[in-house]
Amino acid sequence: MLHAAGHRRMPWKNGGGETTEIAVSPEGASIDDFDWRVSMARVERDGPFSVFPGVDRTLAILEGQGIMLDVEGRGTLTLTRASEPATFPADAPTSCALIAGPILDLNVMSRRDRVSHTVDILAVSAPMKFLAGARDTLVLCLEGTVDIAGDTGSETLSRFDCLVAGASSGALQLDAAVPARVALIAFQSA
């Protein structure tokens, strides 16, 4: 399990802010040579996104009113907490405009010639099972506290704690005593 207190803070690639790296593969990879990367960033002003050649990116809003993304070749995407996560090429020039003040976003990236990814934001209010059949599956607690049980034991995730499960982890069950939200992130080999 990756505890929120241990997540690594680092400057954005373009120097315009700070990101909190939750997990990266391979472990210890830099922003230039990862297979996949999961991070959060506080965006406090309008401006350009960092460009990552050969990378696909998914963005979801965790806090704040949202942003409008101008992605070259895609037009404008409006993202709020209620929106589905948006996936777009990280090598397409992209800029953002805040809707009403700063936001905190979840940023998932994968190098498209090696890995693909999906991001689902789920409400957990009753036990739910899923199969961790991807190359790597991450469960990131976004709100509340979530219990995860599997063949190898159980863990409790608090806000921004993350569990990384491999393809051999099998079935996992999520449960929460009070309603919670998680991001379920799956990475598959390309």
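The values are calculated or read from the model by the stated rules, or taken from the named source; none is laboratory data. Worth saying up front: this structure is predicted, and the values here are computed from it rather than measured. Because the Cβ atoms are built from the backbone with ideal geometry, glycine has one as well, and the counts that use them run over all protein chains shown. Protein only, heavy atoms only, side chains kept; ligands, DNA and RNA dropped before computing areas. Shrake-Rupley method; radii C 1.70, N 1.55, O 1.52, S 1.80 Å.
Table for the structure above
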| quantity | calculated |
| --- | --- |
| Whichever residue in the stretch 174-190 is farther than 29 Å from R57 by Cβ and at pLDDT 90 or above and, among such residues, is most open to solvent (accessible area, probe 1.4 Å) | V178 |
| Filter result (in a strand (DSSP E or B) and open to solvent by 50 Å² or more (accessible area, probe 1.4 Å)) within the stretch 139-156 | E143, D147, S154, E155, T156 |
| Subset tally (residues that are of a type in the set (A, V, I, L, M) and outside any strand (DSSP E or B)) for the stretch 30-47 | 1 |
| Residues within the stretch 157-173 that are more than 18 Å from F187 (Cα to Cα), within 19 Å of the chain's Cα centre (by Cα) and open to solvent by 40 Å² or more (accessible area, probe 1.4 Å), tallied | 2 |
| Single match in R181, R159 (criterion: of a type outside the set (V, I, T) and not in a strand (DSSP E or B)) | R159 |
| Residue match in the stretch 9-25 (condition: open to solvent by less than 60 Å² (accessible area, probe 1.4 Å), of a type in the set (A, V, I, L, M), free of Cβ contacts under 8 Å to residues at least 40 places away in the same chain and more than 24 Å from A134 (Cβ to Cβ)) | yes |
| Members of the stretch 16-29 found to be modelled with pLDDT of 90 or more, at negative phi and assigned to a loop (DSSP other than H, G, I, E, B), listed by number | P26, E27, A29 |
| Answer from A149, A165 - the residue that is aliphatic (A, V, I, L, M) and modelled with pLDDT under 90 | A165 |
| Condition check for D136: exposed (fewer than 15 other Cβ atoms within 10 Å of the Cβ), in contact (Cβ under 8 Å) with a residue 24 or more places away in the chain and within 28 Å of D33 (Cβ to Cβ) | no |
| Where S50 falls short, out of the listed (1) farther than 18 Å from V164 by Cβ; (2) open to solvent by 30 Å² or more (accessible area, probe 1.4 Å); (3) in a loop (DSSP other than H, G, I, E, B) | (2) |
| Residue satisfying all of: in the stretch 26-47; over 17 Å from T137 (Cβ atoms) and without any contact (Cβ under 8 Å) to a residue 12 or more places away in the chain; most open to solvent (accessible area, probe 1.4 Å) among these | D32 |
| Some residue of the stretch 74-83 being out of contact with any strand residue (DSSP E or B) (no Cβ under 8 Å at 6 or more places or on another chain) and free of Cβ contacts under 8 Å to residues at least 24 places away in the same chain | yes |
| Matching option when the condition is surrounded by 19 or more Cβ atoms within 10 Å (Cβ to Cβ) and part of a strand (DSSP E or B), among L122, L131, L106 | L106 |
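Residues are listed down the side, and each one gets a yes or a no for (1) of a type in the set (A, V, I, L, M); (2) open to solvent by less than 50 Å² (accessible area, probe 1.4 Å); (3) in a strand (DSSP E or B); (4) modelled with pLDDT of 95 or more:
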position: D56; (1), (2), (3), (4): no, yes, yes, yes
position: L59; (1), (2), (3), (4): yes, yes, yes, yes
position: L62; (1), (2), (3), (4): yes, yes, yes, yes
position: M68; (1), (2), (3), (4): yes, no, yes, yes
position: L77; (1), (2), (3), (4): yes, yes, yes, no
